[in-house]
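Below you'll find the structure, written out as structure tokens, and then a few comments.
The values are calculated or read from the model by the stated rules, or taken from the named source; none is laboratory data. Note that this is a predicted model, so its numbers are computed, not measured. Backbone-built Cβ (ideal geometry, glycine too); neighbour counts: all protein chains shown.
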Amino acid sequence: MKIARFFAYLTVLIVLFLFLPGASPQKAYTSSNIRTISVCLLNDKESPVNESIFRKILVSVSREYEKNAGIRFKAGTVAVFSGNTGILPVNYERYLKYVCRLTDEVRIIFTSESMEFPRPDGKTEELVAHTDEDTAVIIMYNVGNYARALDWGGNPFLETVLKHEIAHLFGVDHTEDKNSFMYPQANLSLGRWTSEAERVIKINKIREWIK
Ligand SMILES: [Zn+2]
């Protein structure tokens with residue numbers, strides 16, 4: 001009888017161990033596997049943006065990238081962009097190469113200018129951001145206007161857009177899933193991370209761009 005009770009007890013213990021949560025490895029990153037990327041922050045000379053707005057966006061986006069993909073973005077050079085944000089792609093050699101430091105790997109231009117482009121149906125559409133994946137140049141348009149706007153998930157609009165553009169730098173494609181910040185119009189998405197975005201970013205985590 002005593003033995004039978006012992007086995008019953010043992011069975012409960014084994015079952016408990018089998019279903020114990022937390023057995024799978026945690027998704028946390030340590031300083032040894034985090035990639036830190038220095039970002040050159042460029043403020044448009046013609047239509048500048050309040051610097052505190054774009055510094056805040058970068059901090060929030062960096063926090064998410066660190067948590068989900070082990071990549072941190074820190075503000076490097078902060079400079080004035082004196083090129084034309086309406087002519088794409090931006091002339092990198094002329095306006096960016098010698099303005100940012102060589103240690104900066106990604107360049108983000110912030111402008112209060114809005115950007116419209118013609119659609120095939122003859123109407124015009126507003127371009128919220130543009131990314132050149134080869135030189136790692138991102139332009140964020142109409143920033144002053146969107147500073148308080150939210151995406152459909154209630155997240156800051158500009159953060160969702162920047163998350164989207166940075167993901168392009170790591171080779172993530174668009175998706176029709178409106179939950180994802182990789183929906184073509186990121187500002188109309190719920191701004192969420194998806195396993196697909198995480199997967200592709202992690203594969204290309206050590207990617208380098210033209211300097
Ligand atoms: Zn896109």
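Data overview
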read-out: Residue in segment 169-185 that is at negative phi, more than 13 Å from the ligand (Cβ to nearest atom) and touching a residue at least 40 places away in the same chain (Cβ under 8 Å) present; value: no
read-out: Out of F81, F117, sole residue that is within 24 Å of G191 (Cβ to Cβ), among the hydrophobic types (A, V, I, L, M, F, W, C) and in contact with an Asp or Glu (Cβ under 9 Å, 6 or more places away or on another chain); value: F117
read-out: Residue ranges of strands (runs of 3 or more DSSP E) in segment 103-143 with at least 2 members more than 15 Å from the ligand (Cβ to nearest atom) and under 21 Å from I53 (Cβ atoms); value: 106-110
read-out: Failed condition for I210, given (1) over 13 Å from V128 (Cβ atoms); (2) away from the ligand (no atom under 14 Å from the Cβ); (3) among the aliphatic types (A, V, I, L, M); (4) at pLDDT 95 or above; value: (4)
read-out: Test: residue in segment 69-83 that is of a type in the set (G, A, S), at pLDDT below 95 and surrounded by fewer than 17 Cβ atoms within 10 Å (Cβ to Cβ); value: no
read-out: Number of the condition not met by W152 [criteria: (1) in contact with a strand residue (DSSP E or B) (Cβ under 8 Å, 6 or more places away or on another chain); (2) more than 14 Å from the ligand (Cβ to nearest atom); (3) not charged (D, E, K, R)]; value: (1)
